[in-house]
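Report on one structure; see the data block that follows.
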Amino acid sequence: MKRKRTHYAITVLCEDRVGLVARFTGAITRLGGNIEDLEQSVRLGYFTITLMATFDQGHDAKLVKAELEKTGKTETLAVSVLPRQNDPGPPPVQGEPFVLIVSGRDAPGIFTAVTSCLAERTINVENLICRTGNGLFTITGDLTVPEEVDIKALRLNIMEILAEREVNVTLMHGDIFAATNQISMPAAHTGGNQ
């Protein structure tokens, strides 16, 4: 009897070391898994990888987790393997893509203030990064904004909430951001003639 295909959302967190991406993706490959989506980053010395994988052999979550833990070989390893549906259905919010950039003087609660303002308007955060240093912060995010949201009012509201932090707020449609921020690659990198 053929085993049913399994789909997992997998997250690994541990102290950063060289070669971790190769180790963890190698573990998925050794189990016959296909990696469909992957995002990896290092934050303050901690490595994080989140990926979506499908296993035609129908491996259960415990086996996948055990293989990743065996592969990790670090003292601070945390592994999560959650079953997921092959078809997750429609997105949580219908709307237009926007890019949000907020920067200013850092203080506790800024991240929560900004994300709460977005949640109150049913804005879905697709990707969000926050960086701090030298007393300053920068938040960059990809959002899905419902059509009924007034973009100018949203921008002003974020500025009002963070008025004491001397913030700059940019809220731009994703298409405009992409058109004005494309990086041109030299011909040698794109396969074109020089």
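The values are calculated or read from the model by the stated rules, or taken from the named source; none is laboratory data. Note that the coordinates shown come from a computational prediction; the quantities given were computed from them, not determined experimentally. Every residue, glycine among them, receives a Cβ derived from its backbone with ideal geometry; neighbour counts consider all protein chains shown. Side chains are part of the model used for accessible areas, which takes the heavy atoms of the whole protein and leaves out ligands, DNA and RNA. Shrake-Rupley method; radii C 1.70, N 1.55, O 1.52, S 1.80 Å.
How far is it, in nm, from the label point at Glu36 to the one at Cys117 when both lie 7 Å from their Cα along the line to the Cβ?
Taking the two extended label points, one gets 3.6 nm.
For the stretch 17-102, what relative contact order do you get, as a whole percent, if you take Cα pairs closer than 8 Å and at least 6 residues apart?
24
Given the DSSP H assignment, sum -39500 (n - 2.57) over each helix run of at least 4 residues in the chain and divide by its residue total; what's the result at 222 nm in deg cm²/dmol, nearest 500?
Using -39500 (n - 2.57) per qualifying helix, the result is -8500 deg cm²/dmol.
Relative to the longest principal Cα axis of the chain, at what angle does helix 61-72 sit, 0 to 90 degrees, rounded to 10?
In the chain, helix 61-72 runs at an angle near 80 degrees to the longest axis.
What's the extension gain from Asp56 to Asn157 if we count 0.36 nm per residue and subtract their Cα-Cα distance?
In short, 31.5 nm is gained.
Remind me, relative contact order of the chain in percent, using alpha carbon pairs under 8 angstrom and six or more residues apart?
Relative CO of the chain lands at 20 percent.
Assign one of three labels to the stretch 70-116, namely rounded, prolate or oblate, based on the Cα gyration tensor with a ≥ b ≥ c the square roots of its eigenvalues; rounded applies when a/c is under 1.5, prolate when it is not and a/b is larger than b/c, and oblate otherwise.
oblate
Probe radius 1.4 Å, ligands and nucleic acids left out: which of Leu82, Leu128 has the largest accessible area, and how do the rest follow?
Ranking Leu82, Leu128 by accessible area, largest first, yields Leu82, Leu128.
Between beta-carbons, use under 9 Å as the cut-off and find the net charge around His7, counting Lys and Arg +1, Asp and Glu -1.
Net charge in that neighbourhood comes out at +1.
Return one number: the angle in degrees, 0 to 90 and rounded to the nearest 10, between the long axis of the Cα atoms of helix 20-30 and the longest principal axis of the Cα atoms of the chain.
It works out to around 50 degrees.
Give me the angle, in degrees from 0 to 90, between the Cα long axis of helix 110-120 and the longest principal axis of the Cα atoms of the chain, rounded to the nearest 10.
90
Can you give the extra length, in nm with one decimal, that the chain gains between Glu96 and Thr76 once fully stretched, where that is 0.36 nm per residue apart less the Cα-Cα distance?
3.3 nm
For Asp60, what accessible surface area do you get with a 1.4 Å probe? Give it in Å², rounded to 10.
My reading of the accessible area for Asp60 is about 80 Å².
In whole angstrom, note down how far apart the Cα centers of the stretch 1-52 and the stretch 129-181 are.
The stretch 1-52 and the stretch 129-181 have Cα centres separated by 31 Å.
Ranked from the most accessible area to the least, with a 1.4 Å probe and all protein chains present, what is the order of Thr112, Thr74?
Thr112, Thr74
Can you work out the accessible area per residue across the stretch 51-107, with the rest of the protein chains kept in place, probe 1.4 Å, in square angstrom?
58
How much length would be gained if the chain were fully extended between Ile176 and Leu63, taking 0.36 nm per residue of separation minus their Cα-Cα distance, in nm to one decimal?
36.2 nm
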